[in-house]
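Have a look at the structure below, then the notes.
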Amino acid sequence: MRGEVVGTDNGSAAIIPAGPIVAGTHGFWTITYTVGPEGVGRGGTIRFEIPYGFAAPQLHWRDALGYAYCTGTREDANLHLSLDKPLENDAYVTRWGRHLFVTVAEGSLEAGDQVALHYGRYTAGGRWLDSPVAPFVGTVEFTVATDCHGFHDGPFSGFYLVPGSPTLRLVGGPPTSVCLSGPSLVTPGAVSVACLALDAFRNPADDSDLEIRLTDQHGELLSDWVKLAGPEPATVEVPVPRIGPALVFAQSRGGEKLGCLPLRSSKDSDHNLYWGDLHSHTVLSDGLGTVDDYMRFARDTAGLDFCAIGDHSQYLSDEDWRSIQDATRAYNQPGRFTTFLAHEYSHNSRGLPYYGDKVVVFPDDEAPLYRATTDLTKRVYTDLAEIGPKWRDLGAILTIHCHARGVTSYYDPELVRLLEIYSIWGSAEREGCERQMLPSQERNYAGDFAQDALNAGYRVGFIASGDEHAGLPGLGSWLRVWEAYPAGLTAVLAQENTRESLWEALWSRRCYATSGARVILDFSVNSHPMGSIIGPADGPVRIEATAIGTAPIREITVVRNGEDWHSESGVGHFAHLRLLDTPPSEGAYYYLRVVQVDGEQAWASPIWIDPAS
């Protein structure tokens with residue numbers, strides 16, 4: 001919910017050039033506002049927005065990125081261009097970009113007059129250069145709004161939106177890699193593999209015209225040449241002739257390996273393996289894309305088996321929440337694609353405990369919305385201690401989201417079942433870990449890592465998500481104002497791809513997290529699967545772990561009570577451990593970490609041994 005309303009006679013706006021542009025390249029634009037019947041009087045202001053991801057606008061240096069200036073068609077009007085906000089309030093209206101303000105200092109503007117904001121072109125070494133373009137695909141809006149008479153009476157911000165603000169479509173660039181998706185645990189026969197060409201920013205490549213073929217780890221051909229000609233995946237039937245681990249590689253005409261999908265084939269298995277994202281954002285809070293764009297991308301482009309929309313509750317109107325519930329219901333297809341209803345509860349300390357951010361996932365496609373704040377200006381916060389029991393009574397799952405701190409601020413074992421150990425913020429495993437969480441400002445994360453929660457007695461499984469803000473669940477890396485790490489994925493061991501089966505597995509913590517690679521993990525203690533709680537041990541326990549990586553495995557590590565207890569290197573893409581350990585009398589938790597040579601990681605959910613009686 002933007003919180004602002006669209007005016008009726010406050011003009012229109014257009015952008016030149018209006019055609020698509022390749023994400024991550026450079027450009028220069030003119031956004032032209034045409035005055036409507038209301039006119040713009042002295043002291044009136046036109047607000048222009050430059051979307052995040054584009055170079056930040058600046059007004060003073062013609063030889064620096066993001067240079068902007070304005071012109072007008074009425075000569076007797078004195079226009080003043082500024083980056084300064086013309087009024088003070090704490091309404092959060094800059095969720096999608098940075099604002100510039102053109103104020104009529106002298107004279108006035110009449111219907112049909114025009115004001116143009118020229119943005120992005122600058123000089124360097126006597127040459128004209130263009131400013132950087134956002135590195136993600138999708139549609140961005142160069143929002144235009146007006147305060148035509150300087151009354152600041154528009155709801156929420158003092159401004160009224162211009163009808164139909166101009167948009168720009170960003171498309172993928174040339175292919176540099178291939179994303180392979182499909183079933184991970186299979187039986188001998190044939191399996192469908194989706195092949196999607198990605199550009200240098202992991203966007204779906206546009207008009208890629210790339211030819212690949214699929215091979216196994218022995219170099220045997222699995223397919224003929226396949227042409228990947230656009231931003232949608234091609235599906236290839238791949239033979240799986242034998243039982244055991246296998247790898248499917250995407251190979252270019254030049255012999256380069258562009259992607260890998262691990263498989264494990266067996267005659268029968270207790271579970272299947274499903275991949276998804278339970279926490280990313282749309283335009284309804286502080287992301288991009290509609291709820292329909294989000295669901296279709298997750299299902300049809302990223303090849304996810306399940307997903308949820310994790311928009312911030314404090315920005316959602318009742319209508320927004322209904323649209324998320326409607327989309328959750330409409331896109332749920334048992335056996336093919338499962339959707340969950342969810343939202344993010346974001347709590348910054350205002351006289352209450354610092355709860356941080358939590359993602360609430362519901363078992364059904366309807367639930368009441370309990371917002372994190374009582375108004376959209378974030379002045380008054382609700383208390384998680386009061387809302388938590390309501391969510392528990394609804395049968396919800398509360399997921400800890402580490403980067404916003406407050407990791408050990410609230411625990412109800414019947415509600416708090418999962419912890420997001422990785423997202424595009426990075427890894428929240430422990431202090432000093434690889435890809436440790438990125439700070440949006442100077443922060444000390446001490447006490448807010450996954451191991452801090454486990455050491456505090458929290459019995460939570462591990463998931464990974466996007467927390468992605470460009471509406472690209474499963475593939476994106478955009479964190480609202482800058483590019484971050486690639487999005488993570490949650491792997492769930494369930495009997496079938498239905499809401500009921502996946503929910504049972506998530507509730508039981510039979511799931512694991514990866515930094516985005518579809519690494520296959522199996523981890524057990526005394527044959528109990530990840531997420532289990534085992535009674536006191538009367539002797540050594542048997543620990544077994546298997547990993548099949550998308551790249552050679554650098555290290556596979558069993559962590560016991562927050563310490564790296566046992567580590568080994570892999571053999572190429574494969575690793576297997578069989579170990580015995582006598583747990584401490586005070587009990588223990590064990591989990592598995594896998595690190596590949598390319599930096600991709602995976603974390604199996606913990607298994608707990610109760611203390612000796």
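The values are calculated or read from the model by the stated rules, or taken from the named source; none is laboratory data. Here the structure is a predicted model, which is why all the values come from computation and not from measurement. Ideal geometry is used to build each Cβ from the backbone, glycine not excepted, and the neighbour counts take in all protein chains shown. For accessibility, only protein heavy atoms count, side chains too; no ligands or nucleic acids. Shrake-Rupley method; radii C 1.70, N 1.55, O 1.52, S 1.80 Å.
How about the range 448-488: which of its residues are of a type in the set (Asp, Glu) and at positive phi?
Residues of the range 448-488 that are of a type in the set (Asp, Glu), as a first pass: 448, 452, 467-468, 483.
Listed by number, the list holds a single entry, ASP467.
Just one of the numbered conditions (1) open to solvent by 10 Å² or more (accessible area, probe 1.4 Å); (2) part of a strand (DSSP E or B) is not true of LEU521: (1). Of everything in the range 159-195, what is in contact with a Gly (Cβ under 7 Å, 6 or more places away or on another chain) and part of a strand (DSSP E or B)? Give them in sequence order. The answer is TYR160, LEU161, LEU170, SER177, VAL178, CYS179, LEU180, SER181, VAL191, SER192, VAL193, ALA194. The residues on offer are VAL104, VAL115, VAL93, and the sole one that is touching a His at 6+ places or on another chain (Cβ under 9 Å), open to solvent by less than 30 Å² (accessible area, probe 1.4 Å) and in a strand (DSSP E or B) is VAL104. The set of residues in the range 548-571 that are open to solvent by less than 70 Å² (accessible area, probe 1.4 Å), touching a residue at least 40 places away in the same chain (Cβ under 8 Å) and either of a type outside the set (Val, Ile, Thr) or at positive phi (or both) comprises GLY549, ALA551, PRO552, GLU555, ASN561, GLY562. Put simply, of LEU247, LEU278, LEU261 the only residue that is closer than 30 Å to GLY219 by Cβ, in contact with a Cys (Cβ under 8 Å, 6 or more places away or on another chain) and modelled with pLDDT of 95 or more is LEU247.
Listed by first and then second residue, the pairs linking a residue in the range 1-20 that is more than 17 Å from ASP113 (Cα to Cα) to a residue that is of a type in the set (Phe, Trp, Tyr) and surrounded by fewer than 17 Cβ atoms within 10 Å (Cβ to Cβ), with Cβ atoms under 7 Å apart and 6 or more places separating them unless they lie on different chains, are GLY3/PHE156; GLU4/PHE156.
Summed over the range 168-191, the residues that are surrounded by fewer than 16 Cβ atoms within 10 Å (Cβ to Cβ) and more than 26 Å from the chain's Cα centre (by Cα) give a count of 4. Among the residues making up the range 548-585, a single one is closer than 16 Å to PRO606 by Cα, among the polar types (S, T, N, Q) and not in a strand (DSSP E or B): ASN561. Screening PRO486 against (1) in a loop (DSSP other than H, G, I, E, B); (2) open to solvent by less than 10 Å² (accessible area, probe 1.4 Å) leaves a single unmet condition, (2). Restricting the first member to the range 112-133 and to residues that are on the phi > 0 side of the Ramachandran plot, and the second to residues that are assigned to a strand (DSSP E or B) and aromatic (Phe, Trp, Tyr), the beta-carbon pairs closer than 7 Å and six or more apart or on different chains are GLY120/TRP29.
For (1) touching a His at 6+ places or on another chain (Cβ under 9 Å); (2) modelled with pLDDT under 95; (3) basic (Lys, Arg), each residue gets a yes or a no:
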{"residue": "TRP482", "(1), (2), (3)": "no, yes, no"}
{"residue": "ARG499", "(1), (2), (3)": "no, no, yes"}
{"residue": "SER508", "(1), (2), (3)": "no, no, no"}
{"residue": "MET530", "(1), (2), (3)": "no, no, no"}
{"residue": "ILE534", "(1), (2), (3)": "yes, no, no"}
{"residue": "ALA537", "(1), (2), (3)": "no, yes, no"}
{"residue": "ALA545", "(1), (2), (3)": "yes, no, no"}
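Condition first: surrounded by fewer than 21 Cβ atoms within 10 Å (Cβ to Cβ) and part of a loop (DSSP other than H, G, I, E, B). Can you find one or more residues in the range 460-478 that meet it? Within the range 460-478 (the criterion being surrounded by fewer than 21 Cβ atoms within 10 Å (Cβ to Cβ) and part of a loop (DSSP other than H, G, I, E, B)), the answer is no, since none of the residues qualifies.
Restricting attention to the range 311-326 and to residues that are among the hydroxyl-bearing types (Ser, Thr, Tyr) and either at pLDDT below 95 or open to solvent by less than 10 Å² (accessible area, probe 1.4 Å) (or both), the residue that is nearest to TYR274 (Cα to Cα) turns out to be SER313.
Here the condition is being open to solvent by 30 Å² or more (accessible area, probe 1.4 Å), of a type outside the set (A, V, I, L, M) and over 30 Å from VAL492 (Cβ atoms); of ARG127, ARG202, it holds for ARG127 alone.
Considering only the range 426-459, how many residues are among the small types (Gly, Ala, Ser) and either outside any loop (DSSP other than H, G, I, E, B) or crowded, with 19+ Cβ neighbours inside 10 Å (or both)? I'd like the intermediate steps shown before the answer.
Just the residues of the range 426-459 that are among the small types (Gly, Ala, Ser), to begin with: 426-428, 432, 440, 446-447, 450, 453, 456-457.
Now narrow it down to the ones that are either outside any loop (DSSP other than H, G, I, E, B) or crowded, with 19+ Cβ neighbours inside 10 Å (or both): 426-428, 450, 453.
Adding up the residues that qualify gives 5.
A count restricted to the range 198-214 and to residues that are without any contact (Cβ under 8 Å) to a residue 60 or more places away in the chain and touching a Gly at 6+ places or on another chain (Cβ under 8 Å) stands at 3. Among the residues of the range 146-167, none qualifies, meaning not one is of a type in the set (A, V, I, L, M), open to solvent by less than 30 Å² (accessible area, probe 1.4 Å) and either over 19 Å from ALA13 (Cβ atoms) or under 27 Å from the mean Cα position of the chain (by Cα) (or both).
Taking the range 131-145 as the range and being open to solvent by 10 Å² or more (accessible area, probe 1.4 Å) and touching a Lys or Arg at 6+ places or on another chain (Cβ under 6 Å) as the test, only THR139 passes.
The rows are residues; the columns are (1) assigned to a loop (DSSP other than H, G, I, E, B); (2) among the β-branched types (Val, Ile, Thr); (3) touching a Pro at 6+ places or on another chain (Cβ under 7 Å); (4) touching a residue at least 24 places away in the same chain (Cβ under 8 Å).
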| site | (1), (2), (3), (4) |
| --- | --- |
| SER501 | no, no, no, no |
| ARG509 | yes, no, no, yes |
| GLY531 | yes, no, no, yes |
| ARG542 | no, no, no, yes |
| THR546 | no, yes, no, yes |
| VAL595 | no, yes, no, yes |
| SER605 | no, no, no, yes |
| TRP608 | no, no, no, yes |
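Residues in the range 572-589 that are among the charged types (D, E, K, R), under 20 Å from SER613 (Cα atoms) and open to solvent by 50 Å² or more (accessible area, probe 1.4 Å): GLU586 alone. Residue check: ARG417 meets all listed conditions (1) in a loop (DSSP other than H, G, I, E, B); (2) open to solvent by 20 Å² or more (accessible area, probe 1.4 Å) but one, namely (1). A single entry from GLY24, GLY43, GLY36 fulfils the requirement of being closer than 29 Å to PRO231 by Cβ and not in a strand (DSSP E or B): GLY24.
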